[in-house]
Amino acid sequence: MKHSMHSSCYIASFSNLLAQNNPSITDELLFGISQSFSFMYNYTNLPQSGWTFSALGSTHQGIFTLSTLLNREISIILAEEENYLATLSTILNDHSSAIIEISVREYMKDPQSKELFSYVKESNVNHYVTVHKIDSEFVYFYDNFSFKMRKLSISDFLCAVYPKDTNVFYPSEGRIFYYNMTKQSNMAPLSKQMILEAIHHTAELFLLSNWESKGVNGLDHMSQELKHILSEKEHLEKNKKLFYYFCILAGNGGLYRRDYIKFLKKVASLYPEEAIILKKIIGLYKIAQKKWKNVSKEIASIDIHSASLKQAFSEIENLLNEVALIEKKAMYTLWSWTENHVNKSVTSSFPIQKIETNSFNTLEEIIRYFMNSRIEFDLIVTKKNTIDLNIAPDDQMFYWTPSNKKLSTEFWDGTINYGFKTRPLKELTTLKSESFKDQIAG
C-alpha cells in the first residue's frame, strides 16, 4: 500500500484511512479543507521540565473536521491498557487499519528527535500513526516520517500509547480512531463551494479567535513574551531546539506554510478563474515561510553570554513583527476573497438554549453544528473527568456521549465522553471596520 507522507501526521493518517475506499482526494486538498492551518503559541510551566516553549502551524482538530466535511463517520474507542491489543486486533480484522495516538517522547527513537525530546521530561504532544497489523511480537504501522512500513515491539508500542512516569498533556488514554466500513455512506463530493467555505472558515479562526494562544492572538502573545522566554538561561537551549523542531523539522520548513502554499496552488489548478487572487496570496505565504525560517535561525544562534544579546533580541523582534504583518495580510486577503462565496445563514452568537435541547446522533453532527454557529472548539475524548482542559472564565464546557445523544454540561461517569471546550468567535464586524483594515490588512 502506498502511504501518505504529508508533513502533518494527522493529515497523513486520515489520508491512509481514506485511501482504503477513495484515493481521489489529494493530501494537499485534505490539509487545506481540514481548517487546521493556523498559528498556535504555548509557553507552559511543565511540572518536571520547567518553562517550555512551543509554536505550531496547525491545530489537532483536522481529523474531526475532515470526517464531517467528507461524510465519513469516525468511531473512537478508549481501550483499557490490559485490553488494548485485543481491542486493536479486532478493529484491524474488521476494518483493515486504525489511527493511533502515541506519545512523542516514548516513540521518537531516531537520534535527532531523541536528543530533542530528552529536554522535555513530559510528553506534551502526541503523534498519529496508522496501524495495519499486529503479530505475536510487533505492531506494524505507517508513519509520515518513514518511506517504509515501520514496526515496534509490542512492549515499546504500549509504552508509547500509555507512557509512564510522565505528566502528559492530553494523554492518549488508549484512543483508537477508525472508520466502521459497515456504517459509511457515499462520501460527500469535494466541490468548489466546499473548498472556498473551508478557506473562509480557516481565515475566520485565525483572525477572530477568542483564545489567546491561536491565530492573530497567538502571534501577538508570542511577540510580547519571546524576549522573556529567550532570557531564561535555565531553559534557553531546550526552547531553542523545540522552536527549531516545530518550525522547521515538523513544520516542513516554516510552520506548515509550504503545505498551505501547495494547497492554494492545487486550488488554482482546479479553478483557473481564481488564479490571479491565489497567486497574490501564495506570494504572501512564500514570504511568510522564509521569514519563519529566518526567525528560527536567529533564535537558534542566540548566545546568552554574547555582548550583542540585546541586538539579537531586537532583530528577532523586528522579524516577528514583519512575519506577523504578512500572516495577517494573507489571512485577511483569503477572508475578503471568500466572503462573497460563503453561506450567510450561519448564526453569529452562541445559541445556548438551542444547543442544550438539541439531540445529536453522531459526533459529526455536533461538529457541523459548531462550525455553522461560528463556534471555536477543542475536542477531547476521555473517560475521566480529571483531564486538564485549561478552562478559562469565558469558556463553556459541554459533553456528549453516544448513549444520551444530547450536549450537556453533565459528565456521564463510566462512559465515553466527548468533551467540547467552546468559545464563540469575535463578531464579523471586527473584520469590516476601517480600524481593523488599517491595523491588520495594511
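The values are calculated or read from the model by the stated rules, or taken from the named source; none is laboratory data. Bear in mind the structure is a predicted one, so any value in this text is a computation, not a measurement. Here the Cβ positions follow ideal geometry from the backbone for every residue, glycine too, while neighbour counts run over all protein chains shown. Note: areas computed on protein heavy atoms with side chains; ligands, DNA, RNA excluded. Shrake-Rupley method; radii C 1.70, N 1.55, O 1.52, S 1.80 Å.
Radius of gyration (Cα atoms) of region 147-305, expressed as a multiple of 2.2 N^0.38 Å: 1.36. When the helices of the chain are scored as -39500 (n - 2.57) per DSSP H run of n ≥ 4 and the total is divided over every residue, the value at 222 nm lands at -13000 deg cm²/dmol.
Given R0 = 35 Å, the distance between the Cβ atoms of residue 227 and residue 48 translates into a calculated FRET efficiency of 0.85.
The listed residues 154, 367 rank as 154, 367 when sorted by accessible area, largest first, using a 1.4 Å probe.
Computed with a 1.4 Å probe over protein heavy atoms only, the accessible area of residue 87 comes to about 40 Å². Ranking 64, 411 by solvent-accessible area of protein heavy atoms (1.4 Å probe, all protein chains present), from largest to smallest, gives 411, 64. Inter-label distance, residue 303 to residue 249: 2.4 nm, where each label sits 7 Å from its Cα along the C-beta direction. 3J(HN,Hα) along region 44-55, derived from phi through the Karplus expression 6.51 cos²θ - 1.76 cosθ + 1.60 where θ = phi - 60°, amounts to 10, 8, 6, x, 9, 9, x, 5, 10, 10, 8, 9 Hz, with x in place of Gly and Pro. Taking a probe of 1.4 angstrom, what is the accessible area of residue 80 in Å², to the nearest 10? Accessible area of residue 80: about 90 Å². Tell me the carbon and sulfur percent of the accessible area for the chain, rounded to whole percent, probe radius 1.4 Å. After summing per-atom areas, the C and S share lands at 50 percent. Span-like helix criteria (full DSSP H runs; alpha carbon extent of at least 30 Å along the helix axis; mean Kyte-Doolittle hydropathy of at least -0.5) are satisfied in the chain by 275-300, 309-338. Mean separation of Cα pairs under 8 Å and 6 or more residues apart, divided by the residue count, gives the chain a relative contact order of 18 percent.
Taking each residue as 0.36 nm, the span from residue 135 to residue 86 lengthens on full extension beyond its C-alpha to C-alpha distance by 16.5 nm. A straight chain from residue 146 to residue 290 at 0.36 nm per residue would run longer than the Cα-Cα distance by 49.3 nm.
Accessible surface calculations at 1.4 Å, restricted to protein heavy atoms, place the chain at 43 Å² per residue. With all projection directions averaged, the alpha carbon convex hull of the chain covers 21.2 nm². When each of the peptides 5-12, 263-270 is scored by the mean number of other C-beta atoms lying within 10 Å of its residues, the order from highest to lowest reads 5-12, 263-270.
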